[in-house]
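Heads up: the structure comes next, in structure tokens.
The values are calculated or read from the model by the stated rules, or taken from the named source; none is laboratory data. Note that the structure is a prediction, hence the values are computed from the model and not measured. Here Cβ is always computed from backbone atoms with ideal geometry, including for glycine, and neighbour counts include all displayed protein chains. Ligands, DNA and RNA are stripped out before the accessible areas are found, and what is left, the full protein with its side chains, is counted by its heavy atoms. Shrake-Rupley method; radii C 1.70, N 1.55, O 1.52, S 1.80 Å.
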Amino acid sequence: METEAAMVDVIVIGAGLSGLVTARRLDKAGITSLLVLEARDRVGGRTNIHQLENGRYVEEGGQLVGPEYKRLIALGEELRMTTWPHNDHGKAVFERRGRVMKFRGSMPWFDDPLGSADFTQSLVRLDRLCKRCPDTDALDTMEAAKLDATTLASWVNRSTKTATARTLWAIIGTLTLGAPPGDLSLLYTLRHLNLIGGVATLLASLSGGDERSFTGGSAELSRRMAGDLGDRAVFDSPVAAIRQYDDHVQIDTRGRTYSARRVVIAMSPADRGTISVDPQLPLPQRSIGEQLSMMHAYKVHVVYPEPFWRSRGLSGATMSDSGPLLLTWDDTAPGEKQGVLVGFMRTDGPRSVDLPDPAPEDPVQRRQAVLSGLARALGDEALSPDEYHEKNWSDERWTTGCVPRWSPGLLTTCGSDYAAAAGRLHFAGS
Ligand SMILES: Cc1cc2nc3c(=O)[nH]c(=O)nc-3n(C[C@H](O)[C@H](O)[C@H](O)COP(=O)(O)OP(=O)(O)OC[C@H]3O[C@@H](n4cnc5c(N)ncnc54)[C@H](O)[C@@H]3O)c2cc1C
């Protein structure tokens with residue numbers, strides 16, 4: 001039986017960080033007649049914790065907060081949350097074509113001076129290009145179109161001479177930008193780098209330097225925001241249909257119909273596919289939903305009796321072209337006895353000499369491959385963990401992957417209007 005709820009001023013769809021921040025801001029601005037409708041039985045969307053056997057937790061989704069995340073840091077302070085710094089003492093490890101090389105600091109200064117110098121030079125060039133990158137309001141210029149038609153890979157191929165530099169860009173692109181460089185728009189790359197604070201911030205984040213995590217996990221931000229909303233946050237309510245009328249919007253969930261003067265859809269455009277919208281959205285908003293896809297990857301945690309890598313002078317930060325983990329860092333919170341490593345591996349994508357193959361499908365083989373890779377990089381203690389946990393967001397019902405993949409042409413085809421309001425419908429989403 002369908003039941004109909006009373007009209008409210010605003011309905012926000014999605015209780016991830018962006019939906020809850022939207023609701024919180026509206027509430028503070030005096031728009032208190034609002035509801036947040038969430039498909040899952042929990043808040044947080046792509047942020048979530050997993051309870052370990054030892055009673056501690058690890059973060060399955062979004063976690064790291066860089067120094068440029070000024071609004072998120074301010075939100076944390078407002079919600080009385082603290083953060084802890086990640087360990088970056090010791091040497092990082094870079095495994096390339098079967099060789100394990102160790103380096104100190106955020107720059108891979110290993111025993112390949114030519115490759116290192118080549119990579120550094122490409123960083124300087126990219127930083128210069130970032131400063132000339134067109135902003136959001138200038139997406140319809142020829143310059144923007146040219147940058148958007150170029151892949152990061154073709155720029156890397158033009159700007160580097162060594163295989164080492166190309167491998168580093170392949171790993172960095174795949175993990176921090178959501179796709180291998182051949183699938184990434186150069187325009188998107190530059191805009192993303194500008195957002196996070198430039199090339200220097202990107203480098204620091206690879207070694208865990210400057211990165212922090214929220215105590216209790218980043219999903220705690222959402223829990224506290226939802227707590228302040230009380231029963232205006234409604235769970236187990238997947239929105240199936242949105243119908244716009246002249247003076248209101250009607251929303252259908254499982255067994256219940258809601259009406260609001262305005263609606264905010266707060267999720268990645270790639271995840272809007274479960275909702276039908278009538279009349280259909282204008283072309284830019286529709287195209288972004290149809291064409292944007294998400295990166296498919298496992299986030300893996302391995303728990304050890306102690307952070308054994310530290311006594312070997314290692315930081316726990318690794319990068320590898322053999323994998324299956326592309327990148328790891330030390331996820332041990334200060335004061336913890338057990339050591340935790342966290343890393344990412346691809347679940348799909350083309351084979352490449354610069355990237356590990358996608359992870360084995362068989363879970364036993366996958367675990368074994370992860371532990372062997374860690375042992376090559378950090379030592380044989382890696383073969384005997386206390387606990388192993390992996391999360392594949394592409395297996396989730398309401399999330400299609402980790403972070404969006406901005407392929408060439410998408411930003412300029414959809415234009416700067418892709419997030420503009422469509423009648424009474426508005427868009428949020430990180
Ligand atoms: C493994 C992983 C690691 C990451 N690491 C980092 C990191 O270190 N730092 C960083 O900054 N970012 C990171 N991210 C990205 C970050 O987590 C996201 O950008 C952010 O959490 C997205 O918030 P959001 O509110 O925009 O979307 P989401 O969190 O995806 O929220 C959307 C919400 O909408 C709900 N929903 C979907 N469909 C419906 C429907 N039909 N009806 C009702 N509700 C619906 C979903 O259940 C979800 O709760 C990571 C993400 C992943 C997955």
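Calculate, in nm to one decimal, what ARG312 and LYS28 gain on full extension: separation in residues at 0.36 nm each, minus their alpha carbon distance.
In short, 97.1 nm is gained.
Kindly provide log₁₀ I(q)/I(0) values, in the same order as q = 0.11, 0.18, 0.21 Å⁻¹, from the Debye equation applied to equal alpha-carbon scatterers of segment 344-415.
Taking Cα atoms of segment 344-415 as identical point scatterers yields -0.42, -0.90, -1.08.
For the residue pair ASP348 and GLU361, what label-to-label distance in nm results when each label sits 7 Å from Cα along the Cα-to-beta-carbon direction?
1.3
On full extension of the chain, what length is gained from GLU143 through ASP247, given 0.36 nm per residue of separation minus the C-alpha to C-alpha distance?
This chain segment gains 33.4 nm when fully extended.
If each DSSP helix of 4+ residues adds -39,500 (n - 2.57) and the sum is divided by the residues in the chain, what number results at 222 nm, nearest 500 deg cm²/dmol?
Details: 13 runs with 134 residues, N = 430.
Mean residue ellipticity at 222 nm (helix-derived): -9000 deg cm²/dmol.
Modelling each spin label as a point 7 Å along the Cα-to-Cβ direction, I'd like the THR120/SER372 distance in nm, to one decimal.
Output for this residue pair reads 3.6 nm.
What is the calculated FRET efficiency for THR413 to ALA6, with r their C-beta to C-beta distance and R₀ = 41 Å, to the nearest 0.05?
After rounding to 0.05, the efficiency reads 0.50.
Counting pairs of alpha carbon atoms under 8 Å apart in space and at least six apart in sequence, what relative contact order in percent does segment 113-202 give?
Taking the mean separation of contacting Cα pairs over the length of segment 113-202, I get 39 percent.
How large is log10 of I(q)/I(0) for segment 139-246 at q = 0.11, 0.17, 0.19 Å⁻¹ when the intensity is taken from the Debye formula with one equal scatterer per alpha-carbon?
-0.61, -0.91, -0.98
Hydropathy first: keep DSSP H helices in the chain averaging at least -1.0 on Kyte-Doolittle, then drop any whose Cα extent along the axis falls short of 20 Å, and list what survives.
113-131, 363-378
On a 29 Å Cα-Cα criterion, which of the cross-link pairs LYS91/LYS299; LYS131/LYS391; LYS91/LYS391; LYS28/LYS299; LYS161/LYS299 come out too long?
Long pairs (Cα-Cα over 29 Å): LYS131/LYS391; LYS28/LYS299; LYS161/LYS299.
Share of segment 50-159's accessible area from carbon and sulfur, percent, 1.4 Å?
Values: 3270 of 6270 Å².
On segment 50-159, the fraction of accessible area on carbon and sulfur atoms equals 52 percent.
Take every Cα pair under 8 Å in the chain that's 6+ residues apart, average their separations, divide by the length, and report that relative contact order as a whole percent.
25
How much net charge surrounds GLY423 when only other residues with a Cβ under 12 Å from its Cβ are counted (Lys, Arg +1; Asp, Glu -1)?
+1
Could you give me the percent of Cα pairs per 10 Å distance bin for the chain, shortest bin first, beginning at zero and ending with the bin that holds the maximum distance?
Computed distribution, short to long bins: 4, 20, 30, 26, 14, 5, 1, 0.
Taking 0.36 nm per intervening residue step and subtracting the Cα-Cα distance, what contour gain separates ASN54 from SER394 on full extension?
Difference between extended and current length: 119.7 nm.
Can you put ARG405, ARG132, ARG261 in order of accessible area, largest first, using a 1.4 Å probe? Walk me through the numbers on the way to the answer.
Values: ARG405 55, ARG132 150, ARG261 105 Å².
The residues order as ARG132, ARG261, ARG405, largest area first.
Extent of segment 277-394 along each principal axis, from alpha carbon coordinates, in Å, largest to smallest?
Taking max minus min along each principal axis of the Cα atoms, segment 277-394 gives 61, 35, 25 Å.
Only residues of segment 1-38 count here: report those whose backbone N is under 19 Å from the spot 7 Å along Cα→Cβ of ARG261, or say none.
Output list for this probe position: 5-13, 22-37.
Sorting check: for 263-271, 408-416, which peptide has the highest mean count of neighbouring beta carbons within 10 Å, and how do the rest follow? Don't jump to the answer; show the numbers that get you there.
Values: 263-271: 24.2, 408-416: 19.0.
The packing order, highest mean first, is 263-271, 408-416.
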